[in-house]
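Take a look at the structure set out below.
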Amino acid sequence: MRIVLVGPPGAGKGTQAHLLAKTLSIPHISTGDLFRANIGQGTPLGLEAKSYMDAGHLVPDEVTIGMAKDRMLQEDAANGFLLDGFPRNLGQAEALDEFLGEQGIKLDGVLDLEVPEDEVVKRIAGRRLCRNDGGHVFHVDYNPPKAEGVCDECGGELYQRSDDTEEKVRTRLEVYHTETEPIIGYYKEQGLLVTIPALGKVDEVTARAIEALKQDS
């Protein structure tokens, strides 16, 4: 099965992508992992991406597309994959269609995780991380620490990331609406879009997604 996962920041894409890929026995291909792997391995695309990033510029679509193509051609993706964070705009979506067509394959579905905008802001702006270990994550509403501002695990100071403020989150949402949201209409026209309400427990959202894919296939 070949799936694209879309949704606004804070929709839980990373969590759902991991669970869905495991359930469907297909690799989870995220843009972040692609960049880390290519830069870490010093591939030509990784070096090119790093040069743009070091200069403070956005990495061009063709570099991201090249990384995604290379990854989809690897042996473990022969029977399917789940794309998370790619495509992120119409140009990338069209390039993906062209690539899949050249390979004689096509997407089976596009899962759109739907979350109200105010909930997205609440989820992200409420996050607090431990300065001693970024792996310890709390939330002022959903998972508050026993003592305000103090990590339950190690006693470290909890802080809010600079890009998790409400102002920054709303800016990220504006970018999402402008750049990424148009691909939802693009895939809807192709009859591939499946919208999943992403409120509720993690396993409930996963179950909804699996059921929707079964009905759509």
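The listed residues are Thr165, Thr171, Thr178, and the only one of them that is under 24 Å from Glu62 (Cα atoms), more than 16 Å from the chain's Cα centre (by Cα) and of a type outside the set (A, V, I, L, M) turns out to be Thr178. Of the helices (runs of 4 or more DSSP H) contained entirely in the range 8-97, those carrying at least 2 residues that are in contact (Cβ under 8 Å) with a residue 12 or more places away in the chain and of a type in the set (Lys, Arg) fall at 61-72. State yes or no: is Gly85 surrounded by 15 or more Cβ atoms within 10 Å (Cβ to Cβ) and either at pLDDT below 95 or out of contact with any Lys or Arg (no Cβ under 8 Å at 6 or more places or on another chain) (or both)? Answer is yes for this residue.
Flag set for Arg127, criterion: open to solvent by 40 Å² or more (accessible area, probe 1.4 Å), without any contact (Cβ under 8 Å) to a residue 40 or more places away in the chain and either in contact with a His (Cβ under 9 Å, 6 or more places away or on another chain) or hydrophobic (A, V, I, L, M, F, W, C) (or both). A single member of Ala68, Ala49 is farther than 29 Å from Lys214 by Cα and open to solvent by less than 20 Å² (accessible area, probe 1.4 Å), and it is Ala49. The set of residues in the range 161-170 that are open to solvent by 70 Å² or more (accessible area, probe 1.4 Å) and either outside any loop (DSSP other than H, G, I, E, B) or modelled with pLDDT of 95 or more (or both) comprises Ser162, Glu166, Glu167, Lys168, Arg170. Looking across the range 182-202, not a single residue is buried (at least 16 other Cβ atoms within 10 Å of the Cβ) and without any contact (Cβ under 8 Å) to a residue 60 or more places away in the chain.
For the range 135-151, residues that are in a loop (DSSP other than H, G, I, E, B) and either more than 28 Å from the chain's Cα centre (by Cα) or small (Gly, Ala, Ser) (or both) total 4. Suppose we keep only residues that are open to solvent by 50 Å² or more (accessible area, probe 1.4 Å) and acidic (Asp, Glu) within the range 88-121. Which one would you say is farthest from Pro8 (Cα to Cα)? The extreme case among them is Glu102. I need a count of the residues in the range 185-217 that are among the polar types (S, T, N, Q) and either at pLDDT 95 or above or under 19 Å from Pro8 (Cβ atoms) (or both). Adding up the residues that qualify gives 3. Within the range 174-217, the set of residues being in a loop (DSSP other than H, G, I, E, B) and acidic (Asp, Glu) comprises Glu181 only.
The values are calculated or read from the model by the stated rules, or taken from the named source; none is laboratory data. Quick caveat: nothing in here was measured; it's all calculated off a predicted structure. Virtual Cβ from ideal backbone geometry, glycine too; neighbours counted across all protein chains shown. Side chains included, ligands, DNA and RNA excluded: accessible areas come from the protein's heavy atoms. Shrake-Rupley method; radii C 1.70, N 1.55, O 1.52, S 1.80 Å.
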